[in-house]
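Quick one: the structure is below, questions incoming.
The values are calculated or read from the model by the stated rules, or taken from the named source; none is laboratory data. Source: prediction; values computed, not measured. Here Cβ is always computed from backbone atoms with ideal geometry, including for glycine, and neighbour counts include all displayed protein chains. The accessibility values were calculated without ligands, DNA or RNA, using every heavy atom of the protein model including side chains. Shrake-Rupley method; radii C 1.70, N 1.55, O 1.52, S 1.80 Å.
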Amino acid sequence: LKQERPEWPLCGSDISRPALELASENARRLHLEVSFLEHDFFDSTWLQASFPAPFNIITANPPYIPQQEHAAIEEQVKSYEPAIALFYPDVAQVYRAIAAFARKNLAPDGVLYVEIHEGLSHALTDVFAQAGFSQELINDYSGKPRFIHGFPAPARRASRDRYRRGRARADGPRC
């Protein structure tokens with residue numbers, strides 16, 4: 001993304017320190033200016049943190065495979081990615097955390113892109129709708145629903161715009 005849009009400030013985050021070290025090494029090797037933060041979406045202090053400015057785009061590739069499907073996943077997939085990147089017992093909980101973060105930190109005219117499990121598309125669009133997002137499903141090359149493209153619902157945009165004008169966001173984590 002940074003290579004395609006070098007003028008965009010970019011922040012990456014992950015729960016895994018080794019993943020962040022590898023991403024940081026790749027950014028240095030490619031001479032790309034990217035900030036990285038280690039965090040856990042389930043840590044309540046992260047959700048309460050403030051950033052200097054709202055995000056225009058939030059992308060997420062969270063663990064989207066229910067833990068009970070572990071045995072059914074191809075070995076080549078499991079050997080390529082660490083389990084923490086693929087599996088979670090309650091996948092909807094992961095997306096509720098992302099939706100809560102995005103609701104607080106996405107710009108009124110911002111967009112959200114999240115990768116999803118093809119079999120959970122309807123349940124996960126409900127998660128984002130309940131959080132106040134309009135969204136559309138995007139299919140992968142096989143024609144399976146694989147991504148949610150979300151954006152603040154129009155009514156929320158107007159109210160968030162008024163809210164953000166009156167609120168300084170210079171404290172908290174920087175990215």
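How would W46, W8 line up by accessible area, probe 1.4 Å, largest first? Mind showing how you got there, number by number?
Values: W46 30, W8 90 Å².
The ranking, largest first, comes out as W8, W46.
Hey, another quick one. Project the alpha carbons of the stretch 83-134 onto their principal axes and report the range along each, largest first, in whole Å.
Between the extreme Cα coordinates on each principal axis of the stretch 83-134 lie 33, 21, 15 Å.
Note down the magnitude of the dipole of the stretch 1-51 about its Cα centre, charges +1 on Lys and Arg C-beta and -1 on Asp and Glu C-beta and zero elsewhere, to the nearest 20 debye. Spell out each step's value before the answer.
Working: 5 positive and 9 negative charges, 36 e Å.
Taking the Cα centre of the stretch 1-51 as origin, the dipole is about 180 debye.
Report in % the part of the accessible area of the chain that belongs to carbon and sulfur, leaving out ligands and nucleic acids; probe 1.4 Å.
Of all accessible area on the chain, carbon and sulfur atoms account for 53 percent.
Give the dimensionless ratio obtained when the Cα radius of gyration of the chain is divided by 2.2 N^0.38 Å.
Numbers: Rg = 16.7 Å, N = 175, 2.2 N^0.38 = 15.7 Å.
Normalised by 2.2 N^0.38 Å, the Cα Rg of the chain equals 1.07.
Taking θ as phi - 60°, what are the ³J(HN,Hα) couplings along the stretch 82-98 by the Karplus curve (6.51, -1.76, 1.60), each to the nearest whole Hz, with x for Gly and Pro?
x, 4, 4, 7, 10, 10, 8, x, 10, 4, 4, 4, 4, 6, 5, 5, 5
While we're on this one: Using Cα positions and a limit of under 12 Å, work out the aspartates and glutamates in reach of K78, with same-chain residues fewer than 8 apart set aside.
Within the straight-line limit of under 12 Å, K78 reaches these aspartates and glutamates: E69.
What longest range of the chain stays clear of loop-exposed GluC sites (Glu not before Pro) (DSSP non-H/G/I/E/B, at most 13 other C-beta within 10 angstrom)? Intermediate results must be reported in sequence, preceding the final value.
Numbers: sites that count: E4, E7, E33, E74.
Longest gap between qualifying sites, sites excluded: 75-175.
In addition: Note down the relative contact order for the chain as a percent, whole number, built from C-alpha pairs under 8 angstrom at least six residues apart. Please report the intermediate quantities before stating the final value.
Details: 248 pairs, mean separation 40.7, N = 175.
Relative contact order for the chain comes out at 23 percent.
Considering only the chain, what is the antiparallel percent among its DSSP beta bridges, to the nearest 5? Intermediate values should be presented prior to the final figure.
Numbers: 11 of 22 bridges.
Around 50 percent of the beta bridges assigned by DSSP in the chain are antiparallel ones.
To the nearest µm²/s, what D does Stokes-Einstein give for the stretch 1-53 at 10 °C and 1.306 mPa s, using the Kirkwood radius over alpha carbon pairs as Rh?
Once the numbers are plugged in, D ends up at 130 µm²/s.
Whenever you get a sec, line up Y113, Y64 from highest to lowest accessible area (probe 1.4 Å, protein heavy atoms). Each step should come with its number before you reach the end.
Details: Y113 85, Y64 40 Å².
Ranking Y113, Y64 by accessible area, largest first, yields Y113, Y64.
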